[in-house]
Amino acid sequence: MFFELDRKTLLDSGTVLSVTPMNVLELAKRRRTVRKFKNKKPPIEKLLRALEAAKEAPSGMNAQPWHFVIIESIEMKKQVREICEKGERQFYEKMKGKLGEWLQEKGFTWEKPFLSDAPYLVLVFADVRAPFAVQSTWLAVGYLLLALEEEGLGTVTYTPPNPKEIEELVNAPKHYKLQTILPIGYPDDEKPKYERKALEDVISFEKFEEKES
Ligand SMILES: Cc1cc2nc3c(=O)[nH]c(=O)nc-3n(C[C@H](O)[C@H](O)[C@H](O)COP(=O)(O)O)c2cc1C
């Protein structure tokens with residue numbers, strides 16, 4: 001007989017803590033952005049284990065200003081998608097410059113099907129009363145991305161143009177500001193990872209090298 005464990009009981013049970021460690025460099029090299037997901041829903045334990053890693057991130061004054069809202073219901077995902085796509089339509093109408101060119105070249109549009117297709121959405125909030133709240137929360141996002149990779153899950157760090165409306169939808173207390181929405185599931189996206197700069201192009205020893213010009 002199959003028992004769907006109550007989410008709270010699961011958190012208290014400690015089952016989310018069994019991890020098979022993997023090399024961080026390998027995970028970082030392998031991780032890529034995923035915008036298409038398989039229908040099959042991953043077990044919640046995988047997501048909770050990744051969040052267990054995320055909350056170990058360092059933070060200004062150890063304030064741990066992050067909060068993660070997990071959305072699984074079809075109805076809530078639909079509402080999130082509708083709100084975001086409304087904002088995206090307005091954004092795409094006005095958009096110009098480098099970002100506009102880049103988005104067009106890559107084939108991005110106002111449509112965000114991953115917001116309703118992904119089995120889970122994780123909405124990441126920062127309590128902006130804390131010192132360095134935004135920096136700390138994004139560090140936790142970095143941890144989370146690698147931990148999801150370790151679990152065989154994919155995601156995209158989606159940054160909606162109209163975060164306020166989402167904050168209202170999930171009753172976020174007024175000091176909690178939405179940083180990103182992470183649609184999460186098993187990857188079904190052919191798109192390869194974008195190329196990274198070489199190590200020698202992004203480091204200097206002691207000082208920046210003098211520029212020739
Ligand atoms: C701060 C931040 C904001 C991003 N916002 C979006 C977004 O709104 N929509 C999207 O499709 N991808 C978004 N991305 C994903 C980036 O486009 C992606 O990480 C980058 O192009 C490199 O691709 P890769 O992760 O597959 O190597 C964002 C990434 C970061 C770190």
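Every number in this text was worked out from the coordinates using simple rules, so none of it is lab data. Not measured: the values here are computed from a predicted model. Here Cβ is always computed from backbone atoms with ideal geometry, including for glycine, and neighbour counts include all displayed protein chains.
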Ordering of 98-108, 122-132 by packing [mean C-beta count within 10 Å, highest first]: 122-132, 98-108
Where only alpha carbons of the chain are counted, the Rg and the Dmax (Å): 18.7, 73
